[in-house]
Amino acid sequence: MKPKYRERLASVRRSSQRSTRNLYDTVFTRRISAYITALLLPLHVSPNLVSAVNLGVGVVLCALIATGERHLVLAGALTFHLYAVLDSVDGELARAQGRSSLPGMFLEAWSAYLMINGFSLAVGAYLWRTGAGLVPLGLALFVAVFARNAAAVARRVVIEVAEKAPSAGMLPKEHPINARPPDPDPAQMFPRGLTTRLRHFVEESLLYQTNVWLVLSSLLVVEVALPRLGSSLVQPAFVFYTSLALAKEAGIVWLAVCTRYLDLEVRRLCARDVPDE
């Protein structure tokens, strides 16, 4: 390894990689992505180009899985690891080059959103083609259409109200906008027994998309490579994850409609814009 490359590699790991608590990212993607980032830096490759290429990689792997053909499914499942690595490379390049931008952030987030639904639909199509019937595919379609919107709508409502609150008087008078509110009480935001720690575990572990993709792609490899197992490993895991996604969507709707969650979030956002006296 050349000294200059070694220096760039050390710089990428020290300054351009985000810390993560995800085991797969820590053990695999961050280790591999640093080598690719260090290799691309002297070439002045645009982070947006990497994001666009990775979007194409995601489309290809989803299409391969959806065919249901053994060798193509295996290739698609293994290609997921390339997608995961490149998903780290674009961010590392942006930070190393000082080229972070709103269009780049949009492209990366949009790519991830498409991949979330695309991978789910691909696995549903795989299960349909391998004899599991239309239920998994229908479930994937239902989740793609109805279970990815509540959080985005809630954020939009909070931002819109927070922008209008100071001028439109949308906050109650007994809680003036220049009085910093206390942090929201989790007991007011979640039903009894559902703690913040449990919510974090579900969101950051069970429903963390990289983990979901890793588990499903690994099960695809095992199922395709060892067909003598005789039973589907992918189907129960897929139903489990889609059911969790639907439950999370229902929980967000419940919070938004039946609790003071949105009100507390508006107050917190407004308080950020008020300087301490």
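Quick one: is Ala84 surrounded by 19 or more Cβ atoms within 10 Å (Cβ to Cβ), at negative phi and in a helix (DSSP H, G or I)? Walk me through how you get there before you give the answer.
Numbers: surrounded by 19 or more Cβ atoms within 10 Å (Cβ to Cβ): yes; at negative phi: yes; in a helix (DSSP H, G or I): yes.
So Ala84 passes the test.
What do you reckon, is Asn117 surrounded by fewer than 16 Cβ atoms within 10 Å (Cβ to Cβ) and closer than 25 Å to Lys248 by Cα? No; evaluated as a whole, the condition is false for this residue. Pairs meeting the criteria (first residue in the stretch 245-263 and assigned to a loop (DSSP other than H, G, I, E, B), second residue aromatic (Phe, Trp, Tyr), beta carbons under 9 Å, at least 6 apart or on different chains) are Thr259/Phe190.
For the stretch 243-277, name all the residues that are among the basic types (Lys, Arg), over 24 Å from the mean Cα position of the chain (by Cα) and modelled with pLDDT of 85 or more. Passing the criteria: only Arg260. Scanning the stretch 55-81 for residues that are touching a Ser or Thr at 6+ places or on another chain (Cβ under 6 Å) and assigned to a helix (DSSP H, G or I) turns up Leu55, Leu61, Ala77, Phe80.
Of a type outside the set (Gly, Ala, Ser), surrounded by 17 or more Cβ atoms within 10 Å (Cβ to Cβ) and either out of contact with any strand residue (DSSP E or B) (no Cβ under 8 Å at 6 or more places or on another chain) or at pLDDT 80 or above (or both), is that true of Glu163?
No; evaluated as a whole, the condition is false for this residue.
Figure legend. Inter-residue proximity from the stretch 63-83: first residues under 11 Å from Ala122 (Cβ atoms), second residues small (Gly, Ala, Ser) and surrounded by fewer than 17 Cβ atoms within 10 Å (Cβ to Cβ), beta-carbon distance below 6 Å, spacing 6+ or different chains. Indicated pairs: Leu64/Ala75. Pro181 meets each of the listed conditions (1) loosely packed, with under 14 Cβ neighbours inside 10 Å; (2) at pLDDT below 90 apart from (1).
The values are calculated or read from the model by the stated rules, or taken from the named source; none is laboratory data. Treat the numbers as computed from the prediction; the structure is a model and nothing was measured. Cβ: placed from backbone, ideal geometry, glycine included. Neighbour counts: every protein chain shown.
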